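Student: Input: one structure, supplied below.
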Amino acid sequence: MKHGQELSFDGFDDEGRPVLITRAAPAYEEQHRQRVRKYLTLMSFRVPALILAAAAYGIWHNGLLSLAIIVLSIPLPWMAVLIANDRPPRRAEEPRRYDSKGRIPLFPSADRPAIYGKPPLTEPHDSAESRHEADGFHDSDRSSGDVPR
């Protein structure tokens, strides 16, 4: 199929098929068909591998060879699913949408004023009188023996 500059005047290639004039991604149905085809291709090796393992044991009476064939066929379904679920590779023209500016750190840490040279936050001066008043004692109560109200 011709692309771009190779277009003829009538919009058809040499065999009379329409020419692709867009760089759009293939349709979802077409991508799905390709993924199903990959999955079925990989899974089609599983059943013959099991039959081959049984035949190898029947012919050579070698359990290790049969076991090796079975062990090699065990990850085939897992690999088939991973490969079939993979999306087509990203084209260079596709924009990258990751923005690291709004990223929240995985393990946030506290401020370290001693390390970064910031002055520490000062807390209000804690005097004996302010503690005394915070406990419910007032100056008017001192004459009566410091009994809280």
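The values are calculated or read from the model by the stated rules, or taken from the named source; none is laboratory data. These numbers come from a predicted model, not from an experiment. For the accessible areas, the whole protein counts, side chains as well, though only heavy atoms, and no ligand, DNA or RNA atoms are used. Shrake-Rupley method; radii C 1.70, N 1.55, O 1.52, S 1.80 Å.
Student: Can you pull the percent of the range 44-99's accessible area that's carbon plus sulfur, 1.4 Å probe, other chains left in place?
Tutor: Its accessible area is 71 percent carbon and sulfur atoms.
Student: Could you state how much accessible area His32 has, in square angstrom rounded to the nearest 10, with a 1.4 Å probe and all protein chains kept in place?
Tutor: 90
Student: Hey, another quick one. Please compute the per residue accessible area over the range 54-106 with all protein chains in place, 1.4 Å probe, rounded to a whole number of Å².
Tutor: On a per-residue basis, 88 Å².
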